[in-house]
Amino acid sequence: MKKKGWKELPEGAIIEKVPTSQEFKTGSWRTQKPVWDPNKCTNCFLCWLYCPDSSIILKEVNGEPKVSGINYDYCKGCGICAEVCPPKIKAIHMEKEEF
Amino acid sequence: MSETLKVKQALTGNEAFAFAMKQINPDVVAAYPITPATEIVQIFSKYVADGEVDTEFVAVESEHSAMSACIGAATAGARVMTGTSSQGLALMHEVLYIASALRLPIVLAEVNRALSAPINIHCDHSDTMGSRDSGWIQIYCENANEGYHSLIQAVKIAETINLPVMVTLDGFIISHGMEVVETLETDVVRQYLGKRKPLYNVLDYENPIMVGPLDLTDYYFEHKRQQIEAMKKAKDVIEEVITDYNKRFGFDFPVFAEAYRMEDAEYAILSMSSAAGTMKEAVDVMREKGEKVGLVRLKVFRPFPYEVLQEFFKNVKAIGVMDRSDSVSTMGGPVFNEVRSALYDLDTRPRIMNFVFGLGGRDFPLSDALYIVNRVKELKEGKTLDFVEYVGVRE
């Protein structure tokens, strides 16, 4: 994206369109990435609960919430989801990220 | 001649500022008392208590909070004013930059006072000179009458260009000295100012915006450049507003600087604020002796009207610049440095020297004023002098 020059910017250093952090994709900060296995997942939602970036995607299936994947646009690869996933289940494991 | 009814009142500088604020009737005033500006908001808070103004008065616990509250209110489109002095202005310092960069037309009634240490409550210009790079327009008034009218003009200037303005009066000398002030009628002032049309309104939830975001290396430079452009344009706005004010209400206030007996002057003094009154007397005394000396009283210090000074001084052989503060740079005061820089490009550059005087309220008698004029005369005649002298200090 071409950055604006001083003559094009709104006065007073305001941002006319209210921005949200959704526009600021931070997934590229990752060195490791979580990989989710839908076949092992029991939908306990611990990963969703603990994720600091709201990167665990939930979808409604037959009126019930289900884990449906990981949003890599924002996931910084902290590994908390893999850590809190119950040890007997191990539905999420970390892999080296390669962009 | 204007047909506007004017009322002559005996007022101190602080009373003149407070009375102008009452007539302006700002939406919000947030302030903290400080000598010698205490009376401004003290009197104004009485107007609030008596229901003479509609202002929301915010009593805060420090000047930093006062300016912060002013900024908050101004981002919501309110007409905002405050008053302070010295350490209070210094405590506002951090937030002054935010007010100007967010383009908020806050008007500050400032009373010039020395900065600590040692503690001193009397007049000098160290306080506002410390804020000279904060992006605020600065207007230095000679007396209470000019202070009253400049405060009203300041609201117009600020809201036209969307930059904050501080109007200053010399502490105690003007703030507590009583003189005749020719005031306008309240209705006239309110009609003249109308309603503020804000650049933006952070409380407009139909059109949400973000104010004061993180800029970093990406956009900070562009935003600063934009602010510099506004300050350049402020020169035209200041000229338009003061010229229009004079025409409308029948006054002859100078715009950027006042020239006193400069027509055929061979040498001149540049002074600011109340000291200019004493300097005018000294110029008169010397003129009676046949000396071709004049005075330029600089009124607007930010933006710095270098073009105007170049015009005033293009035919002058020597100039003495008076500073009521010292930048402790070992190169004289701030006014001197800027005036000298402004005149560097003249075809025939005048000889120029600096007089630092009156620090911490040190008296500035006519004898000192005459000494300065005589020193500049010696400079004109070719004598080699130090480029800065300290007048009125004990050796």
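Taken together, the values in this text are just the output of simple stated rules run on the coordinates, not laboratory data. Just so we're clear, the structure is a prediction, and the values are computed from it rather than from any experiment. In this analysis, Cβ positions are derived from the backbone assuming ideal geometry, glycine residues included, and neighbour counts consider all displayed protein chains.
From the Kirkwood radius over Cα pairs of region B:267-324, Stokes-Einstein at 10 °C and 1.306 mPa s returns a whole-number translational diffusion coefficient of 133 µm²/s. Give, as a single signed number, the net charge of other residues whose beta carbon lies under 14 Å from the beta carbon of B:HIS122, with Lys and Arg counted +1 and Asp and Glu -1. Local net charge: -1. Inter-label distance, A:CYS44 to A:MET1: 4.0 nm, where each label sits 7 Å from its Cα along the C-beta direction. For region B:271-287, the Karplus equation 6.51 cos²θ - 1.76 cosθ + 1.60, evaluated at θ = phi - 60°, returns couplings of 9, 10, 6, 5, 4, 4, x, 5, 5, 4, 4, 4, 4, 4, 4, 5, 4 Hz by residue, with Gly and Pro reported as x.
Computed on region B:1-160, with alpha-carbon pairs under 8 angstrom and 6+ residues apart, the relative contact order is 25 percent. The packing ranking of peptides A:18-31, B:366-379, highest mean first, is B:366-379, A:18-31, where packing means the average number of other beta carbon atoms within 10 angstrom of each residue.
Give me the orientation-averaged projected area of the Cα convex hull of chain A, in nm², one decimal.
Hull-based average projected area comes out at 9.2 nm².
Near the amide H of B:LYS314, within less than 5 Å, lie no amide hydrogens of residues on another chain or at least 5 residues away, with H placed in the peptide plane. If R0 is taken as 35 Å, the Cβ-Cβ distance between B:GLU311 and B:LYS289 corresponds to a FRET efficiency of 0.80. For B:HIS176, the shell of other residues with beta-carbons less than 12 Å away shows a net charge of -3, using +1 for Lys and Arg and -1 for Asp and Glu. With R₀ set to 35 Å, the beta-carbon distance separating B:LYS8 from B:LYS233 gives a calculated FRET efficiency near 0.45.
Averaging 1/r across all pairs of distinct Cα atoms in region B:216-356 and inverting the result yields a Kirkwood radius of 16.6 Å. Projected label points at B:MET210 and B:ASN374, each 7 Å from Cα along the beta carbon direction, are separated by 6.6 nanometres. Peptide A:11-23 is shielded by partner chain Cβ atoms: per residue, an average of 6 of them sit within 10 Å of its Cβ. Each Lys or Arg adds one and each Asp or Glu subtracts one; over the other residues with Cβ under 11 Å from the Cβ of B:TYR260, this totals -1. Convex hull volume of the C-alpha atoms in region B:98-181, normalised per residue: 77 Å³.
In terms of other Cβ atoms within 10 Å, B:THR330, B:THR183, B:THR84 run from fewest to most in the order B:THR330, B:THR183, B:THR84. In this simple spin-label approximation, B:GLU381 and B:ASN337 carry label points 7 Å from Cα along the Cα→Cβ vector, and these lie 3.3 nm apart.
For B:ARG225 and B:ASP252, the FRET efficiency from 1/(1 + (r/R0)^6), where r spans their Cβ atoms and R0 equals 41 Å, is about 0.70.
With contacts taken as Cα pairs under 8 Å at a separation of at least 6 residues, chain B carries a relative contact order of 16 percent. For the peptide B:226-233, the mean number of other protein chain Cβ atoms found within 10 angstrom of a residue's Cβ is 2. Expressed in Å, the radius of gyration and Dmax of the Cα atoms of the protein assembly as shown are 29.6, 106. Using a cutoff of 8 angstrom between alpha carbon atoms and counting only pairs six or more residues apart, the relative contact order for chain A works out to 36 percent.
Legend: translational diffusion of chain B by Stokes-Einstein, Rh = Kirkwood radius over C-alpha pairs, 20 °C, 1.002 mPa s; D = 100 µm²/s. Answer with one residue from B:GLY135, B:GLN9, B:LEU270: the one whose Cα lies farthest towards the positive end of the charge dipole of the protein assembly as shown, charges on Cβ with Lys, Arg +1 and Asp, Glu -1. Final value for the positive-end residue is B:GLY135.
Note on B:LYS46: aspartates and glutamates with a C-alpha under 17 Å away, same-chain residues under 8 apart excluded, are B:GLU15, B:ASP27, B:ASP54, B:GLU56.
Peptides B:30-36, B:245-251 ranked from most to least packed give B:30-36, B:245-251, packing being the mean of other C-beta atoms within 10 angstrom over each peptide's residues. Taken over chain A, lysine pairs spaced eight or more positions apart, or on distinct chains, with alpha carbons under 18 Å apart number 18.
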